[in-house]
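No lab work stands behind these numbers, since they all come straight from the coordinates. Note that the coordinates shown come from a computational prediction; the quantities given were computed from them, not determined experimentally. Here the Cβ positions follow ideal geometry from the backbone for every residue, glycine too, while neighbour counts run over all protein chains shown.
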Amino acid sequence: MATETLGQRIKQERLRHGMTQRDLAQKVGITVPYMSKIEAGKETPTEDKLAKLAQVLGMNPDELILAAGRMPTDVMNRLAADPTKALAFLRTIRK
């Protein structure tokens, strides 16, 4: 089973809310072409824009940050506090 991309996740939620790309782009404060590139996987928005997208779509911002291949700052700080323990834990959750 393939992993859902950030763009696919955003598009799925946008459609679930009955929004067009234009609707979502306006609410987030970005251009429609940029919104299209995000959904196509050609652009990855900043954490601020990911947080705004999540807010508009009624999602947890960390979900989009993780889908973008980034680690939420608070999680990264906790992992960095004890890297050995963090790596051991992360290895337990591999598939």
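Residues of segment 16-72 being in contact with a Ser or Thr (Cβ under 7 Å, 6 or more places away or on another chain) and not hydrophobic (A, V, I, L, M, F, W, C), which ones?
21, 41
What do you reckon, is residue 46 of a type in the set (Ser, Thr, Tyr) and closer than 26 Å to residue 16 by Cα? Even if it seems obvious, please write down each step before you answer.
Numbers: of a type in the set (Ser, Thr, Tyr): yes; closer than 26 Å to residue 16 by Cα: yes.
Yes.
Any idea which residue in segment 1-52 is surrounded by the most Cβ atoms within 10 Å (Cβ to Cβ), counting only those that are of a type in the set (Gly, Ala, Ser) and over 16 Å from residue 67 (Cβ atoms)? Working first, answer last.
Narrowing segment 1-52 to residues of a type in the set (Gly, Ala, Ser): 2, 7, 18, 25, 29, 36, 40-41, 51.
Next cut, over 16 Å from residue 67 (Cβ atoms) only: 18, 25, 29, 36.
Values: 18: 7, 25: 21, 29: 10, 36: 16.
Selected residue: 25.
Filter segment 62-91 down to the residues that are under 26 Å from residue 9 (Cα atoms) and β-branched (Val, Ile, Thr), then identify the one that is surrounded by the fewest Cβ atoms within 10 Å (Cβ to Cβ).
Here the answer is 73.
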